[in-house]
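In what follows, a single structure is set out as structure tokens and then discussed.
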Amino acid sequence: MQLPKKDIILFSLLAALILIVFASQGSAYSVRVLAEASCYAILALGLTIQWGYAGLFNAGIMGFVALGGFITMLFSFPVNEDFWNTELPGQLGGVGLKALLSVAIVYGLTQLKRLNVSKKIRLPLIIIASATLYLWVVTSLGPVAEAIESEAGFIGGLGLPVWVGWLVGGAVGGGIAYFIGHICLGLRSDYLAIATLGIAEIIKAFLKNADWLSRGTLTVSPLPWPVPEAGEIGFLAARAAYLSVTAVMIAVIYFLLHRAYSAPWGRTMRAIRDNENSSAAMGKDVNRRRLEVFVLGSVLMGIGGAALVTFNGIFDPSGFLPLNHTFLVWVMVILGGSGNNKGTIFGAVFIYIIWTMSSPAALFLIDMASSVGNAMFGWQAPDDLDTRALQARVFVIGLIISLVLRYAPKGLFPEKVAHHA
Amino acid sequence: MNEFIFFFNSVVINGAVIGSIYAMGAIGVTLVFGILRFAHFAHADMMTLGAFLVLILTALFPAVGPAIGLPTAFVMMPVAMVATAFIAVGIDKLFYKKLRENNVKPVVMVMASVGVTLMLQGLIRFLAGTGTQSLYIDDRKAIFRIDLPFESASRNLVVTEPQLLLFLFLAFAVIALHLFLNKSRLGKAMRAMSDNPDLAKVSGINTNTVVGVTWIIAGSLACAAGTLLSLDVTLKPDLSFMILLPIFAAAIVGGVGSPYGALAGGFVVGLTETLAVFNWTFVLRPLEQAIPSLDLPNTLAFVPTEYKITIPFFILLAILIWRPTGLFKGKIL
């Protein structure tokens, strides 16, 4: 395959940028940036199949990242003996059984229609039963959760290998995506955007407040790595090893996505995206295909989020921000070229480097401006100038989104559609 | 009796307050949704922007309010509403108009509005910082305690001045909007365009004017909602995504494109939210005395306050499952 000139130029520029970072910031820091960028690349690949292949709008990437991070923490963090040696696990299991029983009762009530119970009786019955059972479960969970918090801190992890956590994180992300997609995909695409935005905030609120499960704002660290850690082989080697793991993952995902894109499945997806009515008329199950791609993308986001949180080594629910974990990924995808995997990876690495470099740059610029202002006009800068300078980067992200949509809607690497003569 | 008043104060009044705010936001969202056919994500930050403009005006002229006898911020609100309306029209010209002319998919418009929301967020936080601010700079918040003519009622009904102003303003805005949509030529043109844009265009309706008027209404209502919310509590620059969800839920519950539906939807969402986080233990205390075996937990609420955001979400899901057109037969679009 011959690379077009434009691709070669852009990728050489990216390589030059990486070299500059290496030369100016030292290799340990640069490898860290690259490793984080590679985790973001997995997230961006997840988004590019949702947005680029199918035109689905996901405004809740943050939620999938947080979920992936939480699941990997739950699976890989060392076992908390304080918790398992008491009778608390039994009590927690009891609450779980109550929850299962409640679900079973409500499900049973919904099946009353088989016994020809009329809807007028069924509906109030179901509503009253679910409200009562819900209160029952929640009130019995309360004391157990409090006991766990006071006696053991939190339930701790399961001590399993890290990759199990990553896979399960992806699977749970896919499960949530199935739940939302199932409801929203038959409707207009805007509703999916609203619903994903909501689920992301809910996941964050849950992880932040369920202290017994996730330690909430107290954060959990250090998370174990899938490769030898810095303490054993040094920062540079450990980070490089981590980077190679994520790089292999990206390569595998890239290969599989490439195959899927050229396969009949990918063709169907693009046909649905470009003309929904005609593909429906051709007998394609539009909603089912969309659900597939939405779930698949969210699985990738779960895995990418798990990898990102594991790399950071700390699970901090308040650290998940819509800006850093949703809209930054978006910029990567639409700038790189939605629907083009190569462009997406380019966008992820490029934008992430710019993003990390922009924080000292913004501080420097603002500092300079305030000292100039002070010297010339006697202007007193407000105390929280530094946080404000960082907030100003939000503006730049928004501006990039607007400009790209307006002037280069296809991004730097436009999707290549094969034309058959 | 006291229990009932407590319930009324904390559920009915508070629910109506937050419901009115949601309703005002949702009317703007539903108009934009109906006429421009996309979910406007920047609406919440337009609210914050409006409140922020009021804050600046209040800081500039703190003496105006006491002279009239109303909070300064409320007196300044109409000025800020005009400004926000112009900003909304300007945003449309700068960022949405070209996309609309290029006939992009609605989802791209949603994306563009997210870009706008991020820009507004960045600007507001850069200029105002991230801390909370009070719109009461020079004057104090008046609180009215209404004695009830019952013997058993020792508690008072409590309403604050901004809450009263909020209810009055909402009533005024709804009546004005109703007259505008039903009596004026432009209002009828708006409804026609919301019902069938192509037909409206061929019958000679100037779509650009209609779009402009939509933004003026949406922008000024957003400013009012943001200001009145900040008057009631405080001005928080980082509100945006937290309030966006209930507003969208209200618009969809009411039926997209229907302003009256949005009004009803706002109250449904607001009241459900306060009802769900209400602590029933206080109201049920008398029962505990009557039935000694009953042991009430300290908090008996359906949803802990931290999870308040889940309520609009589940309302949204429920309405999307059972009645996607909303209560008032809006469009699914």
Which residue pairs have Cβ atoms under 6 Å apart, sit 6 or more places apart or on different chains, and have a first residue in the range A:389-402 that is more than 7 Å from chain B (Cβ to nearest Cβ) and a second that is crowded, with 20+ Cβ neighbours inside 10 Å and of a type in the set (A, V, I, L, M, F, W, C)? A:ILE400/A:VAL331
Matching entry among A:PRO360, A:PRO317 (being more than 14 Å from chain B (Cβ to nearest Cβ) and on the phi < 0 side of the Ramachandran plot): A:PRO360
State whether one or more residues within the range B:305-326 are outside any loop (DSSP other than H, G, I, E, B), within 13 Å of another protein chain (Cβ to nearest Cβ), among the small types (Gly, Ala, Ser) and without any contact (Cβ under 8 Å) to a residue 60 or more places away in the chain. yes
Failed condition for A:GLY339, given (1) of a type outside the set (Phe, Trp, Tyr); (2) in a helix (DSSP H, G or I); (3) crowded, with 24+ Cβ neighbours inside 10 Å, with all others met? (2)
Quick check on this structure: which one of B:VAL75, B:VAL17, B:VAL32 is crowded, with 18+ Cβ neighbours inside 10 Å and in contact with a His (Cβ under 8 Å, 6 or more places away or on another chain)? B:VAL32
Only one of (1) under 22 Å from A:ILE351 (Cβ atoms); (2) free of Cβ contacts under 8 Å to residues at least 24 places away in the same chain does not apply to A:ILE303, and that is (2)
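When you check A:SER150 against the structure, is it polar (S, T, N, Q), under 30 Å from A:THR86 (Cα atoms), away from chain B (no Cβ under 11 Å) and in a helix (DSSP H, G or I), yes or no? Write out each step before concluding.
Numbers: polar (S, T, N, Q): yes; under 30 Å from A:THR86 (Cα atoms): yes; away from chain B (no Cβ under 11 Å): yes; in a helix (DSSP H, G or I): yes.
Criteria met by A:SER150.
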Going through the range B:6-37 one residue at a time, which ones are of a type outside the set (S, T, N, Q), within 29 Å of B:THR130 (Cα to Cα) and touching a Ser or Thr at 6+ places or on another chain (Cβ under 7 Å)? B:GLY15, B:ILE18, B:VAL32
Working carefully through the options A:GLY266, A:GLY304, find the one that is in contact with a Leu (Cβ under 7 Å, 6 or more places away or on another chain) and not in a loop (DSSP other than H, G, I, E, B). A:GLY304
So which residues in the range A:205-220 are crowded, with 21+ Cβ neighbours inside 10 Å and under 18 Å from A:PRO143 (Cα atoms), if there are any at all? A:PHE206, A:TRP212, A:SER214, A:ARG215
Taking the range B:113-145 on its own, how many of its residues are part of a loop (DSSP other than H, G, I, E, B) and more than 22 Å from the chain's Cα centre (by Cα)? 6
So A:MET62 passes all but one of these: (1) buried (at least 24 other Cβ atoms within 10 Å of the Cβ); (2) within 23 Å of A:ALA230 (Cα to Cα). Which condition number does it fail? (2)
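Every residue, every condition in (1) surrounded by 16 or more Cβ atoms within 10 Å (Cβ to Cβ); (2) hydroxyl-bearing (Ser, Thr, Tyr); (3) free of Cβ contacts under 8 Å to residues at least 12 places away in the same chain, yes or no:
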{"residue": "B:GLY255", "(1), (2), (3)": "yes, no, no"}
{"residue": "B:SER258", "(1), (2), (3)": "yes, yes, no"}
{"residue": "B:GLY261", "(1), (2), (3)": "yes, no, no"}
{"residue": "B:VAL268", "(1), (2), (3)": "yes, no, no"}
{"residue": "B:THR272", "(1), (2), (3)": "yes, yes, no"}
{"residue": "B:VAL277", "(1), (2), (3)": "yes, no, no"}
{"residue": "B:LEU284", "(1), (2), (3)": "no, no, no"}
{"residue": "B:GLU288", "(1), (2), (3)": "no, no, yes"}
{"residue": "B:PRO292", "(1), (2), (3)": "no, no, yes"}
All but one of (1) under 23 Å from A:LEU256 (Cβ atoms); (2) touching a residue at least 60 places away in the same chain (Cβ under 8 Å) hold for A:THR326, so report the exception by its number. (1)
Search the range A:26-71 for residues being touching a residue at least 24 places away in the same chain (Cβ under 8 Å) and not in a helix (DSSP H, G or I), and hand back the single one that is nearest to the chain's Cα centre (by Cα). A:GLY60
On the given criteria, is A:LEU101 assigned to a helix (DSSP H, G or I), surrounded by 15 or more Cβ atoms within 10 Å (Cβ to Cβ), hydrophobic (A, V, I, L, M, F, W, C) and modelled with pLDDT of 85 or more? no
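Is it true that A:VAL252 is crowded, with 20+ Cβ neighbours inside 10 Å and in a helix (DSSP H, G or I)?
When the stated conditions are applied, A:VAL252 does not pass them.
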Filter pass, B:LEU245 being within 28 Å of B:PRO71 (Cβ to Cβ) and either within 14 Å of another protein chain (Cβ to nearest Cβ) or touching a residue at least 40 places away in the same chain (Cβ under 8 Å) (or both): no
For a quick check of your reading: which helices (runs of 4 or more DSSP H) sit entirely within the range B:1-112 and have at least 3 residues that are at pLDDT 90 or above and within 14 Å of chain A (Cβ to nearest Cβ)? B:14-36, B:43-60
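Can you tell me which residue among A:PHE294, A:PHE364, A:PHE311, A:PHE350 is part of a helix (DSSP H, G or I), loosely packed, with under 14 Cβ neighbours inside 10 Å and among the aromatic types (Phe, Trp, Tyr)?
Only one candidate qualifies: A:PHE364.
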Does the range A:182-218 hold any residues that are farther than 22 Å from B:MET242 by Cβ and either away from chain B (no Cβ under 13 Å) or touching a residue at least 40 places away in the same chain (Cβ under 8 Å) (or both), and which are they? A:HIS182, A:LEU185, A:GLY186, A:SER189, A:TRP212, A:LEU213, A:ARG215, A:LEU218
Hey, A:ARG259 crowded, with 17+ Cβ neighbours inside 10 Å, at pLDDT 90 or above and over 21 Å from the mean Cα position of the chain (by Cα) or not: no
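The values are calculated or read from the model by the stated rules, or taken from the named source; none is laboratory data. None of the values given here were measured: they were computed from a predicted structure. Every residue, glycine among them, receives a Cβ derived from its backbone with ideal geometry; neighbour counts consider all protein chains shown.
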